[in-house]
1. Does residue 134 satisfy the condition of being without any contact (Cβ under 8 Å) to a residue 60 or more places away in the chain, closer than 28 Å to residue 268 by Cβ and either hydroxyl-bearing (Ser, Thr, Tyr) or buried (at least 21 other Cβ atoms within 10 Å of the Cβ) (or both)?
2. Among the candidates 229, 239, 222, single out the residue that is open to solvent by 20 Å² or more (accessible area, probe 1.4 Å), in contact with a Phe, Trp or Tyr (Cβ under 9 Å, 6 or more places away or on another chain) and touching a residue at least 12 places away in the same chain (Cβ under 8 Å).
3. When the residues of segment 171-198 are filtered to those that are in a helix (DSSP H, G or I) and open to solvent by 30 Å² or more (accessible area, probe 1.4 Å), which remaining residue is nearest to ligand 1 (Cβ to nearest atom)?
4. Can we say residue 112 is within 16 Å of ligand 1 (Cβ to nearest atom), at pLDDT 95 or above and open to solvent by 10 Å² or more (accessible area, probe 1.4 Å)?
5. So how many residues does segment 60-76 have that are farther than 16 Å from residue 27 by Cβ and away from ligand 1 (no atom under 16 Å from the Cβ)?
6. Only one of (1) of a type outside the set (A, V, I, L, M, F, W, C); (2) open to solvent by 40 Å² or more (accessible area, probe 1.4 Å); (3) in contact (Cβ under 8 Å) with a residue 12 or more places away in the chain fails for residue 97. Which number is that?
7. Residue 132 fails exactly one of the following numbered conditions: (1) under 15 Å from residue 207 (Cα atoms); (2) assigned to a loop (DSSP other than H, G, I, E, B). What is the number of that condition?
8. For segment 268-290, which positions are under 18 Å from residue 211 (Cα atoms) and either without any contact (Cβ under 8 Å) to a residue 60 or more places away in the chain or surrounded by 17 or more Cβ atoms within 10 Å (Cβ to Cβ) (or both)?
Amino acid sequence: FICDGENIKSEIESMPEQYRYSLDRLNEELDELLKLGITNVLLFGIPNHKDEIGSQAYDENGIVQKAVKHIRKNYQDKFLIVTDVCMCEYTSHGHCGILHNHDVDNDKTLEYIAKIALSHAKAGADIIAPSDMMDGRIGKIREVLDNNNFKDIPIMAYSVKYSSAYYGPFRDAADSAPSFGDRKTYQMDFRSYNNFYREVEADTEEGADFIMVKPAMAYLDVIKSVSEVTNLPIVAYNVSGEYSMVKAAAKNNWIDEEKIVMENMYAIKRAGADIIITYHAKDISRWLSK
Ligand code: PBG
Ligand code: ZN
């Protein structure tokens with residue numbers, strides 16, 4: 001999590017050992033990652049200024065754009081940089097798109113999402129990862145990237161993303177909880193089964209290069225089913241609430257953290273994930289090198 005400001009390394013209260021960094025202190029974290037052999041990063045920006053249209057999200061001097069340029073300049077190609085593309089961290093109302101009355105306007109939002117993706121590509125991102133869940137966003141992003149000489153930049157689609165209470169700690173971290181309502185009109189309903197086929201199919205047809213399932217632990221059945229219907233690499237996002245639950249129990253010595261985390265990772269792999277995004281990455285790397 002990268003924030004505007006100076007000399008900031010602040011721990012996220014509900015996510016122990018996860019920090020928000022300002023750009024001038026980002027190298028501390030990046031150096032540590034390299035030492036641990038971790039070279040893939042997913043960036044989230046936390047801007048100082050939020051407005052109705054999330055204008056900092058597509059500003060070429062926005063926090064994520066600056067962070068990508070900073071990493072490229074300081075570390076050349078040592079890191080594979082993935083950027084989260086969404087509006088909720090940048091809008092004053094905390095929704096993932098542009099509002100019309102009290103609803104997110106899907107089609108209007110697409111223009112903005114594509115603009116954000118393009119600004120990340122221009123800054124030097126390796127992979128674009130849209131998490132907004134608007135219909136048609138993968139096609140729109142692909143079109144805009146292709147038209148601007150970014151044909152080679154892959155799209156990691158948050159395709160099967162449920163409306164989930166497991167994102168709670170992340171919303172503290174990113175200060176992105178919606179100020180009214182919820183995300184149920186654009187994120188998926190966990191009460192119904194099989195509704196993911198349509199999402200996977202649409203994103204695949206529109207040009208996704210990776211299919212993500214999110215959250216992971218409570219959705220292993222979905223990871224499994226999705227892996228049976230696609231040949232694209234499957235990414236499982238082991239989200240903030242899943243991380244914080246393990247950390248909290250471990251802090252109380254109620255569970256063996258290393259054993260629980262590794263069991264969870266194997267479960268996600270067994271279900272069919274090719275790639276796991278997890279806040280436990282640094283701990284796992286330490287344990288694996290013991
Ligand atoms: C932005 C976004 C969210 C997460 C990733 N990208 C929050 C949300 O959809 O509310 C959640 C990640 C996590 O909980 O670790 N749309
Ligand atoms: Zn969002």
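The values are calculated or read from the model by the stated rules, or taken from the named source; none is laboratory data. These numbers were taken from a predicted model, which means no experiment stands behind them. Counting neighbours? That spans all protein chains shown, and the Cβs are built from the backbone with ideal geometry, glycine included. Heavy atoms of the whole protein, side chains included, go into the accessibility calculation; ligands, DNA and RNA do not. Shrake-Rupley method; radii C 1.70, N 1.55, O 1.52, S 1.80 Å.
1. Numbers: without any contact (Cβ under 8 Å) to a residue 60 or more places away in the chain: yes; closer than 28 Å to residue 268 by Cβ: yes; either hydroxyl-bearing (Ser, Thr, Tyr) or buried (at least 21 other Cβ atoms within 10 Å of the Cβ) (or both): yes.
In short, yes.
2. Values: 239 fails: open to solvent by 20 Å² or more (accessible area, probe 1.4 Å); 222 fails: open to solvent by 20 Å² or more (accessible area, probe 1.4 Å).
Every option except 229 fails the conditions.
3. Per the criteria, the residue is 171.
4. Answer is yes for this residue.
5. The number of residues fulfilling the criteria is 3.
6. (2)
7. (1)
8. 268, 269, 270, 271, 272, 273, 274, 276, 277, 278
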